[in-house]
Amino acid sequence: MTPPQQAIVVLVVGAIVVLLMVGVVSGHPLRATVLSLPFGVVAAVVGIQSPHPFGLAIVGLCGVACVGLLLLPVLDAEVPAHVAEAAALLLLGTAGAVALATATDLLQAVVGLETLALSAVILVAISAGGRPLEAAFKYFVLGAISLAGLLYGLGLIYLGTGSFAFPSAAQIASSPLTLAGVVLVGMGFAFELALFPFHWGALDAYTAAAPSLAGFVMSASKLAAALVLGRLVLAAGVEVGQLLVWIGSLTIVWGTFGAIAQAADLRRMLAYSAITHAGFIGLALGSGANGPATAAFYAAVYGSMAMLVFAALAGSGEPELRSMGRLRAVALGLGLFSLSGIPPTPGFWAKLAVLVVAWQAAGPLPTLIAVAGGVFSVLYYLRPLPDLFAAVRGTQVTPRPVLVPGVMVAVLAVVGLGLFPGVIWALAVSS
Amino acid sequence: MMPLLAWSWVFTLPGLLLTALGVPSSRNKAGYASLAGPPLLLLVALAALLNGGSYAVAFDNWLPFLPDGAYRALADPLSALLLAILGFVATLVYFYSLGYMATDPARRRFFVYLDLFVAAMALLVLAGNLAVLLIGWTGVGISSFLLISFWRDRPGTLSAGLQALAANAIGDGALLLAASIVPTGCGALVTLQTPRCTGGPGGAEFLALLLFVAAAAKSAQGPLYFWLPNAMAGPTPISALIHAATMVAAGVYLLVRSHALLALAPEVSLAIAVIGVATALGASVASLYQTNFKKGIAYSTVAQLGYMFAGVGVGAPFAGLFHLFTHASFKALLFLAAGIVIHGAGGRESLSELRGLGRFFPFSRVGFLIGSLALIGTPLVTAGSFSKDAIIDAAIAKQPIIGWLLLAGVILTGLYIGRLFSIVYLAPPVDVHAAHHDAQSERPMNWSLVPLMVGAIAFGWLGSWLQATLAPLLGEIEALPPPIDPRGLLAFALGAVGFGLAWWYFTRRAEAVAMAPGQPVAEGEPTYRAAGWVSVLADAGYAVARSLSRVQSGGLPRYAMGSFIGLALILLLREAIR
């Protein structure tokens, strides 16, 4: 077995173990964390031996999952009954994401994508309340439509090329069937990445999910989809890439305007901003030979930032900025800085990397759109900061100790990536 | 000393950490841990400036995805001079803030933000390439935003902060673009003008244009002026340090640093000069219409930055830099002097409420007078005359129309500063009980004016020494005009006439505050509404944003339909653009 396969097996076994021991774990969030966390860590250790950028993706996905698992005790305060299920789904979803990210052919990609997507839907659905359930249902229905398209595209590709391998530029040029198939498959992946105009369901799901689960849903799907789309684009060549450039640019515009309108609703703003970041990934994917590596770098960085923000928000339904307490306020502030691309945070380096490849390969107009989307993001990301930092001094709410490990892991990831972005970059481009 | 100076941006970080962690814990000593940073910065910068030499730090391959991904810092006499200015003003402003913010409950946070600003500003000045410059450039913008919106509970402060963020974002975008598009291996600030680096698409012209846009946003020039007057929503020490002496001068610094690149782009240079002179004249007129004391001075800052831009634009970077140097002292003096009166009047800022109250604060009165005299360029006895004459002389020699316009503009300078001085410090007070003295917090405020008074009077004499020190860096430097110079005297005469007219008009007429009869005199809370074109754009932007986000209504059929329409839109767009 190759290292990615070993990692998948470890994760799936972990999910099964957690489900088998549901009687022991249910209602005891700390036990759920202690039981499931080793599987995430082992999968990362096993997976890092695979060639990069696969190794990078596996470590990133497992890291995101581990932070999610560390936050389970906080989830307990929100949805007491479902901690065991959440732990199992986090592991299973990660297995799907790893399969998707490291797919060697389209069939494996489809299986991985569906495992990830269904896990994500259920994770959204078990967040307490009617709103998450409704959002999960829409996410599921739209996902089903996109799956139908994806499978149809898969059939067309098989018809055109006779295999499930990623079709090459020559194969696409020779057969319009294959081209149509690639576009349909690409749309399926774009749905997972939440690119405009396939972002609708994701947006509502991101908004409604419990904060401790939303981070995983957003980061894992983006990272996995970025990698597999990258492979599709590298194989398919320039034509598909150009399409992605324009989809990415429009996504940035849509997400930016959407986020600017959400002055009062932090969760909704973060959901829209996830759309903007997907746009940056899409733009990078279409930007020439270095594009996919840059997109992987961006997605890995985005994962760390999103986990940080949602770890800081975890445990609060409607976040009250002024009473967050010191640790969470500082962590959330750092996460928002990084998401908006303030140097020297990793979000800034990732954005710069995208701009460089976009200017070289995608042309001036998409680059200008990306610059504008990047710099004006301060208008919505930094808007809560004056209130937030007032919380550092204000009425002190001592953070619940169970929150600390998850937040600290995310803080370390973001600070480390900010100081040494070159390390991850080297992994991303070393394919 | 230069190697130490190259790392001087870390000097305020220990203070930042200690203050943030609550050391010392006593509330009335909050911020004491931060006090050591700026004086240290001043001393090291002065020693480095006197010793000369230069020192470059380079860590290659820090950001391998950039055309120039090294960490580069450069300490040379130019950065040493800027850091000395920063250390000098910051030291006094920290000390002053102990009095001004004495009773503010969030005093600790105030000093943390201040430390953050000084560190970011020092990094900006020390940056050796565009990547590092971006860190400092954005960092000062963020700390400026946090400090403008510092009194979050007062109406309008968040809006004022967001305006600053928006304007800065335009400049940051230009710089971001510059850092991403230069050819591989380029990005060091001192080599941007080499043929290899100007060989990209657009050439030297485009690169210079990007730097100009970045500088104009930071220094509130041309249409991007709008945020600076509203930045007065922040505490007065901030107005003095960030929004008068140092951060807003960063644009001028960037242009001086890249003067060799500007020399390759004459059209851009001319645009800089034209924007500079237009801003100088427009902002001078606008200052006359302000009913808020601090906003009146803020427009004066915009105007003086216009003079510096005009100097750089006509090809006299040293003259612009020299004016930056003297302006830092006298404009900080004006703000800090104004702050004493505002503090004594319980935080009120409108001219009609402050009318006549200045006479109860002798330090403030003398300080403001010296600052005003330096602003209009009183020969021999103030620093402002030396540097302003240098700009006007150089401009007349190279672009006569711009030069004579700058000279004529001094009468406006005299008018607006005379108006502010007459209303606050000379006119009979309306209500003698409106001013309160608080000796304990006034003492540090009063004494921190003294070094600035010395600077506003004497720093002009350092001109020829500075010229000799900086000559190797700035290339060919035009000769400074003599201290007594016919054109300088003419400028001063115009300024004095303006000052006299303002004095005559505003002290005679008991209720005169507004310039135009019938102009509403704002009372009470100052407003920080955005200027005309900005609010139109912002309203349009928010309207688009709201209508777009209404599309995301929650209806499943609409989402499915939206996907198809969106897809059709993208395919159409692609066909249209191809």
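Quick note: the coordinates plus some simple rules give every number you see, no bench work behind them. What you see is a predicted model, and the numbers here were worked out from it, not measured in a lab. As a convention, Cβ positions derive from the backbone with ideal geometry for all residues, glycine included, and neighbour counts pool all protein chains shown.
Extension gain for residue B:454-residue B:471 works out to 3.6 nm (0.36 nm per residue, less the C-alpha to C-alpha distance). Relative to a virtual label point 7 Å from the Cα of residue B:154 in the Cα→beta-carbon direction, which members of the range B:300-321 show backbone nitrogen distances below 19 Å? Output list for this probe position: B:300-301.
Between amide H atoms placed 1.01 Å from N, distances below 5 Å from residue B:129 occur with B:72, B:189, all of them 5 or more places distant or on a separate chain. Applying 1/(1 + (r/R0)^6) with R0 = 60 Å to the Cβ-Cβ distance of residue B:508 and residue B:17 gives a FRET efficiency near 0.60. The three principal axes of the C-alpha atoms in the range B:524-578 carry coordinate ranges of 54, 34, 8 Å, sorted with the longest axis first. In the protein assembly as shown, a dipole from Cβ-located charges (positive for Lys and Arg, negative for Asp and Glu) runs towards its positive end, and of A:176, A:374, A:350 it is A:374 whose Cα lies farthest in that direction.
Compared with the alpha-carbon gap, the fully stretched path from residue B:540 to residue B:397 is longer by 47.0 nm at 0.36 nm per residue.
Comparing A:45, A:375, A:404 in a Gaussian network model of chain A, where Cα atoms under 10 Å apart are tied by springs, the biggest mean-square fluctuation is seen for A:375. Among A:147, A:20, B:92, the ranking by other beta carbons within 10 Å of each residue's beta carbon, starting with the fewest, stands as A:20, A:147, B:92.
From least to most packed, judged by other beta carbons within 10 angstrom and beginning with the fewest, B:534, B:10 follow the order B:10, B:534. In loop segments of the range B:423-511 as defined by DSSP, the GluC sites (Glu not before Pro) with at most 12 further C-beta atoms inside 10 Å of their C-beta are B:476, B:511. Each 10 Å bin, from zero up to the one with the longest distance, holds this percent of the alpha carbon pairs of the protein assembly as shown: 2, 12, 20, 22, 18, 13, 8, 4, 1, 0. Take B:191-202, B:45-56 and order them by the average number of nearby Cβ atoms within 10 Å per residue, most first; the result is B:45-56, B:191-202.
Distance from the C-alpha centroid of the range B:255-326 to that of the range B:19-96: 26 Å, rounded to the whole angstrom. Across the range A:176-182, computed HN-Hα scalar couplings (Karplus, 6.51 cos²θ - 1.76 cosθ + 1.60, θ = phi - 60°) run x, 4, 5, 4, 4, x, 4 Hz from first to last residue, x flagging Gly and Pro. A simple spin-label model places the labels of residue B:533 and residue B:440 5.1 nm from each other, with each point 7 Å out along Cα-to-Cβ.
Averaged over the residues of peptide B:171-181, the number of Cβ atoms from other protein chains lying within 10 Å of each residue's Cβ is 6. Residues in the range A:12-29 carry Karplus couplings, in order, of 5, 4, x, 4, 5, 4, 4, 5, 5, 9, 4, x, 6, 8, 4, x, 10, x Hz; the curve used is 6.51 cos²θ - 1.76 cosθ + 1.60 with θ = phi - 60°, and Gly or Pro positions show x.
Remark on chain A: hydrodynamic radius 21.0 angstrom, per the Kirkwood mean of 1/r across alpha carbon pairs. So which helices of chain B fit the span-like rule, where a helix is a whole DSSP H run, its Cα atoms reach 24 Å or more along the axis, and its mean Kyte-Doolittle is at least 1.6? Qualifying helices: B:77-100, B:130-148, B:266-288, B:400-421.
In this structure, residue A:169 and residue B:196 have a Cβ-Cβ separation that, at R0 = 41 Å, corresponds to a calculated FRET efficiency of about 0.75. Between beta-carbons, use under 11 Å as the cut-off and find the net charge around residue A:32, counting Lys and Arg +1, Asp and Glu -1. Here the charged neighbours net out to -1. Projecting the Cα atoms of B:55, B:333, B:314 onto the charge dipole of chain B (Cβ charges, centred on the Cα centre) puts B:333 farthest toward the positive pole.
Peptide B:62-74 is shielded by partner chain Cβ atoms: per residue, an average of 4 of them sit within 10 Å of its Cβ. For the segment A:418-428, counting C-beta atoms of other chains within 10 Å of every residue's C-beta and taking the mean gives 2. Exposure proxy for A:196, B:361: other Cβ atoms within 10 Å of each Cβ, ordered fewest to most, give B:361, A:196. On the basis of the beta-carbon distance and an R0 of 60 Å, residue B:29 and residue B:561 show a calculated FRET efficiency of 0.40. Each helix, a run of at least 4 DSSP H residues, gives -39500 (n - 2.57); summed and divided by the residues of chain A, these come to -26000 deg cm²/dmol at 222 nm. Only DSSP H runs of four or more residues enter the estimate; each adds -39500 (n - 2.57), and after division by the residues of chain B the mean residue ellipticity at 222 nm equals -22000 deg cm²/dmol.
Gain on full extension, evaluated as 0.36 nm per residue between residue B:7 and residue B:50 minus their Cα-Cα distance, stands at 13.7 nm.
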